[in-house]
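Here is the structure we will look at, set down as structure tokens.
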Amino acid sequence: MSKIIDERLMAAAIRYARRNIARTKTNPSVACIIVRSENGKDQIVGRGITAIGGRPHAEPVALAEAGDKAKGATAYVTLEPCAHHGATPPCAQTLIDAGIARVVTAWVDPDSRVDGKGHAMLRAAGIDVETGILAEEARHDLGGYLARKQQNSPWVTLKLAISKDGYIGVKGKGQVKITGAISRAQVDMMRSYHDAIMVGSSTAIEDDPELICRRPSLKSRSPHRIILDSRARLSPKSRLVNSLDIAPLSIVVGPNADQTNIDALQKTGANIISGELVDGRIALPEMLEDIAATGISSLFVEGGAKVANAFLEAGLVDEVNMFIGDMMVGENGITAPINRQLPPAGFSLVRTEHFEDDVLYVYRKGEH
Ligand SMILES: NC(=O)c1ccc[n+]([C@@H]2O[C@H](COP(=O)([O-])OP(=O)(O)OC[C@H]3O[C@@H](n4cnc5c(N)ncnc54)[C@H](OP(=O)(O)O)[C@@H]3O)[C@@H](O)[C@H]2O)c1
């Protein structure tokens, strides 16, 4: 198959894998598309995606749909097929047994149980293997899984809504609408693609947000909420606690946090994470390592200004989603650590999108 066809089919697999992002527990959402060439025509004969909860994997689902048509066909898989035995045989073996002739992947799986062994098994069975196809495109969605496996840290996206005059809110005023309804709907979508959302204690206390996906169709995809609250100041009566039936809530506290309040929060069903302190603030790299160990691969940091600044200064942000709204805040504004004129250092602009009068600027770390 030509490189163009390979890329088109891999692009289809990447799009398909998006369906179950953040719904596959500690497994990444992977897609497999099986394509058969007959009389000069390519036909998709099987499609599979990692199931909600993480199992079954994409390959056996796609092979089951393809049946006998898998013999001699090409499998496009967004991540290297697994090589290790669990309750079910490794996916690489399942592809071999089905008579697949060629496997095209975007990424090697960095999990130490796989890490090239899946590709090696396929090659040893005489299967033609090509990897690295549309790797950069697939990285956007697999980024969290890859970061957790390679760096013991989730993929961190910082999202901020900034007024035309460079502010994220008004001192002492709680939540201020900086962007319009369409941007807020986009934020709901973005939340649903992440394993967890994080804000600082001031945002949690002053704004009293729920931090869920507000749209009814997305509510069940609301991610885990995590609050950086070194002194355990969050009220057990807050809306974050009152929405525990919609999504889990974790509070990262320091060693000197108020024990009575910790007990009261724990009684509600909120989870307490013990953090370390550096200069009176939760130590971020250690906290990221701790939450990655629980299987959180992607973290959506939503502010406020102090938390955004701390993540940026520590070099812990992978992507910035900067919404610039069409309003002015004026007096008593809370200054955003970045803005359109002061983009994050060491990042490059990869995409711009317009939502009514708002503009979203997406930056990624490094050169692109
Ligand atoms: N427009 C937007 O996108 C947006 C988004 C979110 C919030 N906001 C606005 O921002 C305002 C609050 O922002 P803010 O800057 O005052 O506070 P913040 O960033 O929400 O919270 C800061 C607090 O978090 C706690 N914290 C724990 N560990 C930390 C660490 N490593 N780094 C930084 N903070 C840490 C500290 O309080 P403890 O000592 O209690 O632990 C710190 O004072 C609100 O008015 C809200 O409406 C706007």
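Nothing in this text is a laboratory measurement; each read-out follows from the coordinates by a stated rule. This structure is a prediction, so every number in the text was calculated from the model and none was measured. Virtual Cβ from ideal backbone geometry, glycine too; neighbours counted across all protein chains shown.
Here is how the numbers come out for the structure above:
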item	result
Top positive-direction residue, dipole computed over the stretch 3-142 with Cβ charges, set Asn27, Ser37, Met10	Asn27
Net lengthening on full extension, Val362/Gln151 (0.36 nm per residue, minus Cα-Cα)	73.7 nm
Among Pro28, Pro216, Pro56: highest mean-square fluctuation, GNM of the chain, C-alpha pairs under 10 Å	Pro216
Extension gain (nm, one decimal) between Ala345 and Lys164, 0.36 nm per residue minus Cα-Cα	63.2 nm
DSSP bridge pairs, the stretch 152-365: antiparallel proportion in percent, nearest 5	40
Sequence-distant residues sharing a close amide H with Asp208 (under 5 Å, placed H)	none
Rounded if a/c under 1.5, otherwise prolate or oblate - the stretch 70-132, Cα gyration tensor axes	oblate
DSSP beta bridge pairing in the chain, given as percent antiparallel to the nearest 5	50
Residue-averaged 222 nm ellipticity for the chain, from DSSP H runs of 4+ at -39500 (n - 2.57), nearest 500	-8500 deg cm²/dmol
Gyration tensor (alpha-carbon) shape descriptor, the stretch 1-80, a/c threshold 1.5	oblate
Max mean-square fluctuation residue, GNM over the chain, Cα-Cα springs under 10 Å, options Thr260, Thr157, Thr94	Thr260
Links that overshoot a 19 Å alpha carbon limit, given the list Lys25/Lys219; Lys41/Lys69; Lys149/Lys219; Lys237/Lys267	Lys149/Lys219
GNM flexibility winner over the chain from Val103, Val241, Val350 (Cα, springs under 10 Å)	Val350
Rounded FRET efficiency, nearest 0.05, which uses the C-beta distance separating Ala12 from Glu206 and R0 of 35 Å	0.20
Other-chain or far-sequence residues with amide H under 5 Å of Ser298's (modelled H)	Trp155, Asp195, Ala196
Environment charge of Arg8, counting only residues whose C-beta is closer than 13 Å and scoring Lys/Arg +1, Asp/Glu -1	-2
Degrees, to the nearest 10: 3-17 long Cα axis against longest axis of the chain	50
Volume of the Cα convex hull of the stretch 152-365, divided per residue and given in Å³	116
Kirkwood-type radius of the chain, with distances r between different C-alpha atoms, in Å	22.0
Nearest 10 degrees, 0 to 90: helix 284-293 Cα axis against the chain principal axis	40
Amide H contacts under 5 Å for Val129, placed H, 5+ residues apart	Val103
Fraction of antiparallel bridges per DSSP, the stretch 3-142 only, in percent to nearest 5	60
Label-point separation, Asn271 to Ser2 (7 Å along Cα→Cβ), nm	4.9
